[in-house]
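Any read-out appearing in this document is the output of simple, stated calculations on the displayed coordinates, not a laboratory observation. This structure is a prediction, so every number in the text was calculated from the model and none was measured. We place every Cβ from the backbone using ideal geometry, glycine too, and count neighbours over all the protein chains shown.
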Amino acid sequence: MAIDGYLAAVICIEDPLREEACDVVEELRKSGFTNIVMMTGDSKHTAGAIAEKVGVDSFYAETLPEDKAGFILREKAKGNTVVMIGDGINDSPALSSADVGIAISSGAAIAREIADITISADDLHSIVTIRKLSAEMMKRIHANYRTILAVNGGLIALGVTGIVPPALAATIHNASTIGIGLMSTKKLLEDIH
């Protein structure tokens with residue numbers, strides 16, 4: 001602001017860095033993410049300062065919506081699985097291009113609509129929790145699959161050889177299915193942020 005041609009004041013507006021951002025990036029890295037990239041429409045100077053504080057692997061500044069989506073498509077073409085986290089209208093093409101799109105609940109309605117998952121804006125640790133939940137869910141699915149194959153394979157073998165009568169095999173099969181189903185209702189994570 002100037003008064004009579006002289007500088008009188010400077011108004012600075014800054015989006016503050018979220019307190020948990022650095023921790024979340026580090027936790028994502030520990031959970032298996034190998035290339036954490038920040039893409040923003042902000043200037044290179046601003047983006048560089050934020051990227052350095054947060055600890056991302058690389059950053060892209062002054063990006064347009066089609067630049068973000070193009071980056072994701074190129075990464076997917078290389079065989080990489082891409083998770084995109086965004087909250088704005090400009091993030092929507094990238095959210096729809098990603099293997100998994102995660103929107104922030106306080107963001108634009110179109111971003112929430114397009115995304116596969118919407119998280120609360122209150123705490124970015126939800127992203128890490130989602131990662132842990134998905135990993136534990138896949139472990140449970142694979143364990144259940146192996147158990148079902150073993151039980152059913154054993155029952156078939158016992159039935160074919162005549163050791164177990166068909167009615168007993170059917171009862172054991174149904175009981176094992178119920179048992180596996182009940183065991184699957186246990187919590188995946190005990191400690192959720």
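Brief remarks follow.
- In terms of surrounding Cβ atoms within a 10 Å radius of their Cβ, GLU14, GLU20 rank from fewest to most as GLU14, GLU20.
- Most mobile of ASP67, ASP23, ASP15 in a GNM of the chain (Cα contacts under 10 Å): ASP15
- Antiparallel DSSP beta bridges within the range 1-120, as percent of all bridges there, nearest 5: 15
- For the pair TYR60 and THR171 in one chain, pulling the backbone fully straight at 0.36 nm per residue adds 34.0 nm over the alpha carbon distance.
- The distance between label points at SER106 and ILE180 comes to 4.4 nm (points 7 Å beyond Cα on the Cα→Cβ vector).
- Per the Debye calculation on the chain with a single equal scatterer at every Cα and no solvent contribution, log₁₀ I(q)/I(0) for q = 0.10, 0.11 Å⁻¹ amounts to -0.60, -0.68.
- Between LEU17 and MET137, the simple label model (points 7 Å from Cα in the Cβ direction) yields a spacing of 3.2 nm.
- Note, ³J(HN,Hα) from phi for the range 142-153, Karplus 6.51, -1.76, 1.60, rounded to Hz, x at Gly and Pro: 5, 5, 4, 4, 5, 5, 5, 4, 5, 5, 5, x
- For LEU149 and SER120, a Förster radius of 35 Å and the Cβ-Cβ distance give a FRET efficiency of 0.35, rounded to the nearest 0.05.
- Each stretch of four or more DSSP H residues adds -39500 (n - 2.57); spread over every residue of the chain, this sum gives -17000 deg cm²/dmol at 222 nm.
- Of interest is the spacing of the C-alpha centroids, which for the range 26-99 and the range 141-186 amounts to 45 Å.
- Per-residue Cβ neighbour counts within 10 Å put TYR6, TYR60 in the sequence TYR6, TYR60, beginning with the fewest.
- Computed over the Cα atoms of the range 79-190, the ratio of the radius of gyration to the Kirkwood radius (Rg/Rh) comes to 1.24.
- Distance between modelled label sites at ASP4 and LYS78, nm, 7 Å Cα→Cβ extension: 5.9
- Computed over the chain: relative contact order in percent, which uses C-alpha pairs under 8 Å that are six or more apart: 13
- Relative contact order (%) - the range 50-113, alpha-carbon pairs under 8 angstrom, separation at least six: 28
- Cross-link table LYS30/LYS78; LYS53/LYS186; LYS44/LYS76; LYS76/LYS187; LYS68/LYS187, entries beyond 28 Å C-alpha to C-alpha: LYS53/LYS186; LYS76/LYS187; LYS68/LYS187
- Order of THR185, THR81 - criterion: other Cβ atoms within 10 Å of each residue's Cβ, fewest first: THR185, THR81
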